[in-house]
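Student: Below: one structure in structure tokens.
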Amino acid sequence: MKKTVLITGATAGFGAACARKFAAEGWRLILTGRRVERLEALQKELGDSVLALIPLDVRDREAVSHAFERLTNIDLLLNNAGLALGLEPAWAVDLDDWETMVDTNIKGVMYATRAVLPGMVARNRGHIINIGSTAGSWPYPGGNVYGATKAFVQQFSRNLRADLLGTKVRVTNLAPGMAETEFSTVRFKGDEKKAGQVYHDTKPLRPEDIADIIYYTATLPEHINLNAIEVMSINQSWGPLAVHRGGQKG
Ligand code: NDP
Ligand code: 8X3
């Protein structure tokens, strides 16, 4: 029996790489995202593996509930849709950007999970893999609300496991570090030069690396729950605690 994966944010980056990986491994795909033409291109590329395209914005609670509650056989929900906007310090950010990150990275994950989870519990089968981030554990200047949304994803994943104890439904928080996708282009609002600098002279994670890890996690024997995975490029590590010398301003 072929398994079915529902991927939010399948139109780029990790989501698109997962669509290709899971299709190659014989899974059936339900693909979502806002950019319809990209969804259609994936359907053309992946053919019969694609069960359905659901163009939607994960911030739209009604749309997500309406579309996902009707899906009766989801083996894996990949809560992947998400974004960072800006890298300004907290006192200088655009408040709309903060709200967009909260609505997408937190509320979108809540809406999709709440719509799909009852079916998984009823079938006593399924797996939710949430895409967190190293930014959810490790602070950096300008990470303010983006990192906080990913801290939510981390703790939400743990708390889901607590609720699901006694069922066969698995939950994983996958926290990647720097990976080269459209992520930085989105963060810097189309400034490709700035985006390119993030990865300059490094070997960042590739979307295909993440897809391989997700596939591995999803296909472990069903009694194994990988709770949390943190993965970085060999070119990335943590920094020391910051110290300011020279007195305070003002
Ligand atoms: P990309 O920008 O390449 O892809 C993001 C995907 O999310 C797109 O398919 C986009 O689709 C979708 N998306 C964004 N907003 C919405 C929305 N409101 N509704 C529906 N879909 C949406 O970035 P990545 O692949 O890198 O990002 C995927 C996830 O991985 C995100 O959650 C990100 O925070 C996380 N992450 C990324 C890292 C990195 O360094 N790249 C590291 C750690 C975590 P569309 O625009 O068509 O709607
Ligand atoms: C993406 C990784 O370090 O840009 O979540 O926040 S980082």
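The values are calculated or read from the model by the stated rules, or taken from the named source; none is laboratory data. Owing to the predicted nature of the structure, the values given are computational and were not obtained by experimental measurement. A quick note on method: Cβ atoms are made from the backbone with ideal geometry, for glycine too, and the neighbour counts reach across all protein chains shown. SASA here: full protein model, heavy atoms, side chains in, ligands and nucleic acids out. Shrake-Rupley method; radii C 1.70, N 1.55, O 1.52, S 1.80 Å.
Student: Taking the condition of being surrounded by 10 or more Cβ atoms within 10 Å (Cβ to Cβ) and at pLDDT below 95, how many residues in segment 238-250 meet it?
Tutor: 0
Student: Within segment 56-136, considering only helices (runs of 4 or more DSSP H) that don't extend past its boundaries, which have at least 1 residues that are over 27 Å from Phe188 (Cβ atoms)?
Tutor: So the answer is 61-69, 108-123.
Student: Would you mind stating whether Asn235 is closer than 22 Å to Asn130 by Cα and either modelled with pLDDT of 95 or more or in contact with a Pro (Cβ under 6 Å, 6 or more places away or on another chain) (or both)?
Tutor: On the way: closer than 22 Å to Asn130 by Cα: no; either modelled with pLDDT of 95 or more or in contact with a Pro (Cβ under 6 Å, 6 or more places away or on another chain) (or both): yes.
Considered against the rule, which asks whether it is closer than 22 Å to Asn130 by Cα and either modelled with pLDDT of 95 or more or in contact with a Pro (Cβ under 6 Å, 6 or more places away or on another chain) (or both), Asn235 comes out as no.
Student: Scanning segment 147-205 for residues that are among the hydroxyl-bearing types (Ser, Thr, Tyr) and in a strand (DSSP E or B), which turns out surrounded by the fewest Cβ atoms within 10 Å (Cβ to Cβ)? So that I can check it myself, show each step before the final result.
Tutor: Here is the first cut: in segment 147-205, the ones among the hydroxyl-bearing types (Ser, Thr, Tyr) are 149, 157, 167, 172, 181, 184-185, 199, 202.
Adding the requirement that they be in a strand (DSSP E or B) leaves 167, 172.
Working: Thr167: 15, Thr172: 25.
Among them, the one singled out is Thr167.
Student: Pick out the one residue from Arg187, Arg245 that is touching a residue at least 40 places away in the same chain (Cβ under 8 Å), among the basic types (Lys, Arg) and more than 30 Å from Arg125 (Cα to Cα).
Tutor: From the options Arg187, Arg245, the qualifying one is Arg187.
Student: All but one of (1) within 16 Å of ligand 2 (Cβ to nearest atom); (2) β-branched (Val, Ile, Thr); (3) over 21 Å from Asn235 (Cα atoms) hold for Thr185, so report the exception by its number.
Tutor: Looking at each condition in turn, Thr185 falls short on (3).
Student: Would you please name the residue that is nearest to ligand 1 (Cβ to nearest atom), looking only at residues in segment 14-41 that are assigned to a helix (DSSP H, G or I), open to solvent by less than 20 Å² (accessible area, probe 1.4 Å) and within 22 Å of Ser184 (Cα to Cα)?
Tutor: Gly15
Student: Another question, if that's okay. Identify, by number, the condition in (1) within 12 Å of ligand 1 (Cβ to nearest atom); (2) open to solvent by 10 Å² or more (accessible area, probe 1.4 Å) that Asn130 doesn't meet.
Tutor: Failing condition for Asn130: (2).
Student: Just one of Thr104, Thr4, Thr100 is within 16 Å of ligand 2 (Cβ to nearest atom), open to solvent by less than 50 Å² (accessible area, probe 1.4 Å) and over 13 Å from the mean Cα position of the chain (by Cα); which is it?
Tutor: Thr100
Student: I would also like to ask the following. Tell me which residues, restricted to segment 206-223, are open to solvent by 60 Å² or more (accessible area, probe 1.4 Å) and in a loop (DSSP other than H, G, I, E, B).
Tutor: Arg206, Thr219, Pro221, Glu222, His223
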